[in-house]
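**Q** Before I ask anything, let me first share the structure, which is written out below as structure tokens.
We did not get these values from a lab; they are worked out from the coordinates using the rules stated. Values in this document were obtained by computation on a predicted structure and should not be read as measured data. Virtual Cβ from ideal backbone geometry, glycine too; neighbours counted across all protein chains shown.
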Amino acid sequence: MTTTTVPGVRLTVLVGEDDMWHHKPLFAEIVHRAHRAGLAGASVFRGVEGFGATSLIHTSRLLSLSEDLPVAVVVVDTEQRVRAFLPQLDELVGEGLVTIDHCEIVCPGGHDDKESS
């Protein structure tokens, strides 16, 4: 089996679980917009504890404080495609944190999207 890698970037958007966009969870709006933009994929991860700009710790360990937990939306694609998506995040994300990290996308078996079509 041959494994190849291609350069890419990982976009991470950190928001609160209770953050909303037009009566819809913000993390869901980000995922749906990423899908409509044709990005390779997006996943949402719910944190068990964290704090942000307010320095208020949100945790799932205490039932009374288990609200507005941190949520990470992670998207991986080419740098050009991810950067083209950033203006949409400008519109959506007010108090969240957005990071971009360079990464390698692993293609097991040496296949890429063009070969598997």
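**Q** Karplus couplings for segment 33-39 from phi (6.51 cos²θ - 1.76 cosθ + 1.60, θ = phi - 60°), rounded to Hz, Gly and Pro as x?
**A** So the Karplus estimates, Gly and Pro as x, are 5, 4, 5, 4, 6, x, 5 Hz.
**Q** Follow-up question, since we're still on this one. Quick one, what does Rg over Rh come out to for the chain if you take C-alpha atoms and the Kirkwood Rh?
**A** 1.05
**Q** Suppose every Lys and Arg Cβ carries +1 and every Asp and Glu Cβ carries -1, with no other charges. What dipole size does the chain come out with about its Cα centre, to the nearest 20 debye?
**A** Computed about the Cα centre, the dipole is about 180 debye.
**Q** Of Phe27, Phe51, Phe85, which is the most mobile in a GNM of the chain whose springs link Cα atoms less than 10 angstrom apart?
**A** Of Phe27, Phe51, Phe85, the most mobile in the Gaussian network model is Phe51.
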